[in-house]
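Read the structure below first, then the notes.
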Amino acid sequence: MKIFILKRLLRGGQKRILLIVELFFSFIAFFFILTFIIGEIDNTKYPLGFDYKNLYKVDIDVTAQTDDMDVVMENFRNIMRYVRAYPGTQNFGRCQSSFFFMKEGYMNPSKPLKSKDIAVPSNLVNQILASDEVAEVLNLKLLEGRWFSVEDNASKNRPVVLTQNLKERMFGSENALGEIVDYCGQQCIVVGVCNDIKHKGDYTQPELTIFIRNVDVEDLPYETWMCMSGSFCGQNLLLKCNADLPASFEEDLTRKVAVNFPGYNIKLTSMEKIRQKYIRSTWAPLVAIFLVISALFLNVLFGLFGVLWYNISQRTSEIGLRMAVGASKGQVYRQFVHEMMLLTTVGIVPGIIAAVQFPFLGLFQMESRVYVFAMIAAALIIYALVAICVILPSFRATKIQPAHALHEE
Amino acid sequence: MITLKNLEKVYQTDEIETVALSNINLEIEKGEFVSVMGPSGCGKSTLLNMVGLLDVPTKGRLTIDSNEVEEWPDKKLAQFRNRKLGFIFQSFHLINDLPVLDNVELPLLYRKGISGKERSKRALEALKKVGLSARTKHYPSQLSGGQKQRVAIARAIVGRPDIILADEPTGNLDSKMGGEIMEILQNLNKNENTTILMVTHDEQLAKRTNRIVHLFDGMQVN
């Protein structure tokens with residue numbers, strides 16, 4: 001019977017070509033959209049790799065009119081000491097990088113990162129200049145070696161810590177500790193390997209990240225990186241606090257700094273709030289995509305429904321004939337479903353062939369299984385749509401008495 | 001073989017009630033060739049549809065091959081049509097997308113236990129009987145009206161039915177072609193003892209059958 005149906009489809013191919021083309025493009029559209037959605041959701045399985053809880057981004061703003069930089073620097077120092085000594089705070093860390101939970105591109109080295117044997121393209125490497133306190137502040141887990149410390153002051157090579165994925169990329173399973181890597185022409189020594197991090201946020205993949213010790217802070221832990229304008233020369237000041245802070249902590253600290261240091265303000269932004277904002281900004285386009293996919297879904301649904309309704313109505317007389325020669329209603333009904341499923345397969349197979357190229361070409365830089373899931377999901381959606389669209393008109397067609405069906409043209 | 005007792009068919013719409021058949025009593029013996037005549041709209045085709053189990057009578061009793069078929073479910077009716085009945089229509093009702101051989105095989109597709117090879121063999125045999133074995137790969141659009149009707153006859157006999165129901169089988173053909181088709185039907189009736197109930201407008205053709213049933217306004221007028 002299936003061969004019979006296939007013959008019929010091939011013979012009527014010209015008539016059905018538009019339907020096949022519609023099915024093909026619908027599959028491709030669903031595949032694209034689902035790849036992005038599944039890809040984003042798939043990325044949530046990787047841990048973030050750093051602790052954002054009880055962590056604040058601190059901005060210090062100078063409102064005082066002064067040209068005396070020594071006074072400014074002294075006040076900065078005093079503010080930092082005051083904040084660090086404030087009840088409930090633990091430690092400051094500094095990072096020079098794009099900020100956490102920012103979807104925009106991160107800071108890359110200007111040249112490829114090289115080990116003895118491997119060069120990792122600079123665009124794939126996330127660089128973070130970090131102070132000695134960052135591992136503790138971000139709660140990074142050291143898997144091998146150690147984090148930066150004062151003992152690095154004596155090192156002739158600048159110390160770096162690699163995330164596990166970058167270490168594997170550069171050194172494989174070999175020991176990386178003590179190895180030299182070429183970072184923008186500087187010979188840096190690997191002192192540690194830490195867990196992978198998702199600097200850009202929950203919905204991204206872990207980045208290949210290199211932490212480089214900020215050498216400017218050897219003797220003056222907080223001051224040298226401050227600039228005259230009051231900004232931090234691209235450095236992010238991270239304040240780790242206790243878990244049991246009162247609700248008024250941010251407001252109280254901000255007010256007290258303003259009172260004790262006239263002409264200077266601090267602004268504390270909770271990393272949890274930054275993350276929530278990031279999640280909202282990530283889901284906003286996903287919701288838009290969802291609306292697009294819903295519109296597409298309805299469009300395909302109505303399009304297919306109309307075409308199939310017309311197609312089946314055109315064949316009412318044939319249904320009558322088939323019933324006259326011995327087909328039961330169920331057989332006729334199943335025949336239409338079979339036909340449409342075969343037709344759908346004819347439309348989807350070229351789509352799958354096209355979709356399979358994506359993991360090979362690595363166009364969206366996603367894991368192969370994301371494409372596979374997207375392909376399967378897109379195919380299932382199309383099959384389900386076709387099933388929905390074919391059930392009603394075929395059901396209606398088989399409800400007519402064969403005698404009447406035979407006379408419908 | 002076929003018994004109709006007080007058969008009635010009424011088509012009911014929201015506004016109009018149309019009596020298509022009223023109080024039809026008919027008995028057709030096995031191997032009989034009966035023609036049904038009457039003016040257009042008198043219920044000839046409706047009668048054929050009732051006997052062919054393609055429509056449901058409003059009242060009365062229909063017995064075919066000692067089976068009272070009124071209460072049968074769809075599946076059983078379909079099987080019965082497939083095994084016992086063969087249909088020939090005025091407008092042939094061939095599927096244009098399928099070649100002749102596949103069109104003839106159609107009833108066998110719905111019969112369990114017949115392989116594709118066996119289907120083709122039987123279809124070819126049926127086509128030989130109607131003199132069309134050389135056209136198996138042609139499509140209906142490549143055939144003349146007479147040839148199409150022969151294909152339809154082959155399709156009707158491929159399942160070796162006991163009864164053939166022919167609804168104006170020569171209605172769309174010229175007299176020569178009509179004569180040829182009639183000859184095929186007569187041969188089937190004589191040689192294979194097939195019971196045939198044929199609706200026709202052509203009195204000459206009707207005279208070549210064993211018996212003529214006349215209908216007028218849905219009623220038997222014999």
Inset, instruction - Just read off the accessible area of B:Trp72 with the full protein assembly in place, 1.4 Å probe, to the nearest 10 Å². - result: 50 Å²
Legend entry - Solvent-accessible area per residue, Å², over segment A:55-242 with all protein chains present [probe radius 1.4 Å]: 43 Å²
Inset, instruction - Ignoring everything but the protein chains, give the 1.4 Å probe accessible area of B:Ile163 in square angstrom, nearest 10. - result: 0 Å²
Inset, instruction - Run the 1.4 Å probe and let me know the accessible area of A:Tyr383, rounded to the nearest 10 Å². - result: 60 Å²
Inset, instruction - Would you list which lysines come within 25 Å of B:Lys117, measuring only between C-alpha atoms, while excluding same-chain residues fewer than 8 positions from it? - result: A:Lys2, A:Lys7, B:Lys84, B:Lys128, B:Lys129, B:Lys137, B:Lys148
Inset, instruction - Put one equal scatterer on each alpha carbon of segment A:55-242, apply the Debye formula with no solvent term, and list log10 I(q)/I(0) at q = 0.19 1/Å to two decimals. - result: -1.34
Inset, instruction - Run the numbers on chain A and let me know its relative contact order in percent, using alpha-carbon pairs under 8 Å that are six or more apart. - result: 26 percent
Inset, instruction - Output the direction-averaged projected area (hull surface divided by four) of the convex hull of the alpha-carbon atoms of segment A:70-166, in nm². - result: 9.3 nm²
Legend entry - Highest-fluctuation residue, A:Val160, A:Val71, A:Val181 considered, GNM on chain A with Cα pairs under 10 Å: A:Val71
Legend entry - Of all DSSP beta bridges in segment A:55-242, antiparallel share, percent nearest 5: 70 percent
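Can you check how the C-alpha radius of gyration of segment B:2-72 compares to 2.2 N^0.38 Å, as a plain ratio?
Working: Rg = 12.4 Å, N = 71, 2.2 N^0.38 = 11.1 Å.
The value comes to 1.12.
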Inset, instruction - Please tell me which of these pairs span more than 29 angstrom C-alpha to C-alpha: B:Lys9/B:Lys176; A:Lys57/A:Lys114; A:Lys114/A:Lys141; A:Lys45/A:Lys111; A:Lys167/A:Lys273? - result: B:Lys9/B:Lys176; A:Lys57/A:Lys114; A:Lys45/A:Lys111; A:Lys167/A:Lys273
Inset, instruction - Run the numbers on chain B and let me know its relative contact order in percent, using alpha-carbon pairs under 8 Å that are six or more apart. - result: 30 percent
Legend entry - Kyte-Doolittle mean at least 0.0 and Cα axial length at least 30 Å: DSSP H helices in chain A: A:13-43, A:271-314, A:329-361, A:368-399
Inset, instruction - Just round it to a whole percent: the fraction of Cα-Cα distances in the protein assembly as shown exceeding 50 Å. - result: 45 percent
Legend entry - Within the protein assembly as shown, percent of DSSP bridges classed antiparallel, to nearest 5: 65 percent
Inset, instruction - Please compute the Cα-Cα pair-distance distribution of chain B with 10 Å bins starting at 0, giving whole percents from short to long. - result: 8, 34, 36, 19, 4, 0
Legend entry - Contact order normalised by residue count of segment A:55-242, Cα under 8 Å, 6+ apart, percent: 34 percent
Inset, instruction - Round to the nearest 10 and give me the degree value, 0 to 90, for the angle of helix B:175-191's Cα axis relative to the longest principal axis of chain B. - result: 90 degrees
Legend entry - Centre separation in Å (Cα based) which lies between segment B:1-69 and segment A:102-163: 92 Å
Legend entry - Per-residue mean of C-beta atoms belonging to partner chains within 10 Å, peptide B:49-55: 4
Legend entry - Sequence-distant residues sharing a close amide H with B:Ile88 (under 5 Å, placed H): B:Leu165, B:Ala166, B:Asp167
Legend entry - For segment A:361-401 and segment A:238-308, distance of Cα centres in Å: 34 Å
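How would you rank A:329-336, B:135-142, highest first, on the average number of other Cβ atoms within 10 Å across their residues?
A:329-336, B:135-142
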Inset, instruction - Have a look at the DSSP beta bridges in chain B and tell me what percent are antiparallel, nearest 5. - result: 50 percent
Legend entry - Linear extension gain, A:Asp202 paired with A:Gln65, 0.36 nm per residue minus alpha-carbon span: 45.2 nm
Legend entry - Mean residue ellipticity (222 nm) of chain B, computed from DSSP H runs ≥ 4 via -39,500 (n - 2.57), nearest 500: -10500 deg cm²/dmol
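The values are calculated or read from the model by the stated rules, or taken from the named source; none is laboratory data. Since we're looking at a predicted model, the values are computed, not measured. Neighbour counts are summed over all protein chains in view; Cβ atoms, including those assigned to glycine, are modelled from backbone coordinates with ideal geometry. Quick note on the areas: whole protein, heavy atoms, side chains included, nothing else; ligands and nucleic acids left out. Shrake-Rupley method; radii C 1.70, N 1.55, O 1.52, S 1.80 Å.
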